[in-house]
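Okay, structure first, notes after.
The values are calculated or read from the model by the stated rules, or taken from the named source; none is laboratory data. On a predicted model such as this, the values are computed, not experimentally measured, just so you know. Virtual Cβ from ideal backbone geometry, glycine too; neighbours counted across all protein chains shown. For the accessible areas, the whole protein counts, side chains as well, though only heavy atoms, and no ligand, DNA or RNA atoms are used. Shrake-Rupley method; radii C 1.70, N 1.55, O 1.52, S 1.80 Å.
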Amino acid sequence: MRRRTLLAGAGAALLGTAPLGACTARPVRGGPADAVAEAGRLLAARGRALAAGDVESAAAGCVPSSAGARDELRRADAAAVRAGLVSWAVDVEDVEDLDGDGDPRVRGRLRVRVAGEGREVAGPWGAALVRSDGAWALALPAADGTPHPWDLGDVRAHRVPGGVVLRVRPGGVADEATERVAAEAAEDLPAATARVDAAWGPDWPRGTAVVVVPTTALAARLAGLDPRRAAALDAVAVGQDAALPDGAPAGVRVVLAADRFTRLTRAGRTATLTHELVHVATRATAGARPAADGLRPVPRWLSEGCADHLARQGLDVPATALAAPLLEAVAAGAAPAVPADEDFEATGARLQVAYAAAWTLVTSAARRAGTPAVTALQRRLGTAPEGGGAPAAPLAERLDGACRATLGTGWTDVQRTWRADVAGGLVGWGP
């Protein structure tokens with residue numbers, strides 16, 4: 001899997017109206033409602049101060065959660081401002097343990113955007129609400145939630161058409177591989193965005209942050225992944241899969257780990273970035289929700305296969321090389337099987353076969369019906385019925401109906417043709 005979205009529920013924003021710089025703690029009053037109101041007020045004031053670049057005011061009303069935490073908070077806040085922070089806001093979802101003996105915990109959704117991003121990026125957030133000198137205060141830095149690039153070190157931003165590239169320098173030290181990958185990403189991002197526009201259409205934010213870190217361990221931290229899992233991925237994407245207050249999906253950041261990304265060829269790095277932008281575009285326009293059985297409205301083989309199909313168009317690489325893991329498995333006696341969603345959560349050979357199967361399946365359909373037809377298939381399944389998407393029905397039924405409407409043939413025939421292509425060694429597919 002080349003991407004990961006972090007799931008959490010939406011919540012109502014509890015935002016105060018204190019003026020900029022008024023993030024001072026207020027005296028503790030009586031009950032739980034006061035604690036909830038204070039949490040919203042403190043967070044709203046902190047957000048306004050950060051958006052204005054006022055690091056000192058942003059730290060007011062906060063107490064260190066550990067030794068050296070105040071210095072770390074100011075460092076991270078200053079790094080965020082230098083990275084071009086435009087907005088920082090927490091939608092408070094809950095304040096827990098108000099009646100217990102411990103400090104209440106504020107939990108919610110953090111929404112952040114830097115200059116160059118078309119949408120706010122959301123993620124889970126939480127911190128303790130503590131009593132300090134008879135007043136409520138936030139214990140920061142927060143231990144809950146996933147970090148942002150500036151939490152890992154200094155950040156340099158390079159804004160280009162199509163978004164912004166954020167180079168992370170842990171300890172403020174530049175890494176040669178990270179700088180090289182960041183420079184390439186800045187060079188590739190405008191053209192990759194234009195390719196996605198041409199294939200998918202312009203109805204997506206078209207402002208994506210590409211975060212470049214030195215190691216897969218740091219990429220794992222940003223994505224909330226097990227480091228072993230991150231080490232198997234060419235790129236990951238972070239961002240909560242939830243709607244923002246305007247009802248549209250939150251944004252996504254693409255994370256590239258230089259120690260792995262540099263192992264790809266130059267063409268492979270360009271294709272991987274395009275692949276990730278396809279995911280950004282398709283998620284931004286998706287409205288269908290999972291069915292009652294929890295199944296995704298768009299199967300993973302289709303979303304990953306479409307992303308690879310669009311990203312690899314025009315590559316001067318033989319199809320047999322791109323599909324090698326699948327062809328080798330078939331030569332060893334395995335029958336071509338449509339990948340299950342969980343296959344894309346695997347590592348090693350199983351993951352590689354899943355991606356090769358997804359790409360060949362989508363490309364087989366596109367060779368007969370055209371690339372616009374397979375993108376229409378994904379859009380039809382990803383759009384809610386009330387928005388003109390596939391009618392509500394069990395997934396197998398929706399898939400078959402969508403195939404007939406967009407590809408001109410049923411799902412069974414699509415699979416039969418694909419298996420024949422694979423059995424024939426993809427003869428005639430060309431580079």
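Considering only protein heavy atoms and a probe of 1.4 Å, how much of the accessible area of the chain is carbon and sulfur, as a whole percent? The nonpolar share, carbon plus sulfur, comes to 54 percent. Seen from all directions on average, segment 261-395 presents a Cα convex hull projection of 9.1 nm².
Rounded if a/c is under 1.5, else prolate if a/b is larger than b/c, else oblate: which is segment 177-241, with a ≥ b ≥ c the root eigenvalues of its Cα gyration tensor? Cα axes put segment 177-241 in the oblate bin. In the full protein context, the chain carries 40 Å² of accessible surface per residue, based on a 1.4 Å probe and ignoring ligands, DNA and RNA.
Could you work out how far helix 176-200 tilts from the main Cα principal axis of the chain, as a 0 to 90 degree angle to the nearest 10? Between the helix axis and the principal axis of the chain, the angle is about 60 degrees.
Would you mind counting up the charge near GLY116? Only other residues with Cβ under 12 Å from its Cβ, with Lys and Arg at +1 and Asp and Glu at -1. Provide the component values of the computation, followed by the final result.
Details: positive: ARG113, ARG119, ARG159, ARG206, ARG253; negative: GLU117.
Here the count lands on +4.
Take the alpha-carbon positions of the chain, form their convex hull, and give its projected area averaged over all directions (one quarter of the hull surface) in nm².
For the chain, the mean projected area of the Cα convex hull comes to 21.5 nm².
With a/c under 1.5 counting as rounded, go ahead and sort segment 90-208 into rounded, prolate or oblate using the C-alpha gyration tensor (a ≥ b ≥ c being the square roots of the eigenvalues; past the cut-off, prolate if a/b is larger than b/c, else oblate).
oblate
Summing +1 for each Lys or Arg and -1 for each Asp or Glu among the other residues whose beta-carbon sits under 14 angstrom from that of SER364 gives +2. Given a 1.4 Å probe and the protein chains as shown, ASP259 ends up with an accessible area of around 60 Å².
Work out the length of the dipole vector of the chain about its Cα centre, built from +1 on the beta-carbon of each Lys and Arg and -1 on the beta-carbon of each Asp and Glu, and round it to the nearest 20 debye.
Roughly 900 debye, rounded to the nearest 20.
A cut-off under 10 angstrom between Cβ atoms defines the neighbours of GLY53, and their net charge, with Lys, Arg +1 and Asp, Glu -1, is -1. Note on ASP203: accessible area is roughly 80 Å² with a 1.4 Å probe, heavy atoms of protein only. Given a Förster radius of 22 Å and the C-beta distance between ALA248 and LEU295 as r, what FRET efficiency does 1/(1 + (r/R0)^6) yield to the nearest 0.05? Computed FRET efficiency for ALA248 and LEU295 comes out at 0.40. Only one residue of GLY389, GLY153, ALA223 has its Cα farthest out toward the positive end of the dipole of the chain, where Lys and Arg carry +1 and Asp and Glu -1 on Cβ, and that residue is GLY389.
Using Cα atoms only, what is the angle between the long axis of helix 266-284 and the major principal axis of the chain, expressed in degrees (0 to 90) to the nearest 10? Result, in degrees: 70. Under 5 Å between amide hydrogens, built in the peptide plane, is the criterion, and for LEU256 it picks out VAL211, VAL212, VAL213 among residues at least 5 positions away or on other chains.
A simple charge model with +1 on the Cβ of Lys and Arg, -1 on the Cβ of Asp and Glu and nothing else charged puts the dipole of segment 133-284 at about 400 debye relative to its Cα centre. Which shape class applies to segment 189-278: rounded if a/c is under 1.5, otherwise prolate when a/b exceeds b/c and oblate if not, where a ≥ b ≥ c are the square roots of the Cα gyration tensor eigenvalues? Oblate, because a/c is 1.5 or more while a/b does not exceed b/c. Helix 348-369 and the long axis of the chain differ in direction by around 60°, with both axes built from C-alpha atoms. Largest accessible area first, the residues THR412, THR216 order themselves as THR412, THR216 under a 1.4 Å probe with ligands, DNA and RNA left out. On a C-alpha basis, how far is the centre of segment 174-245 from the centre of segment 260-337 in Å? Whole number, if you could? What the calculation gives is 15 Å, centre to centre.
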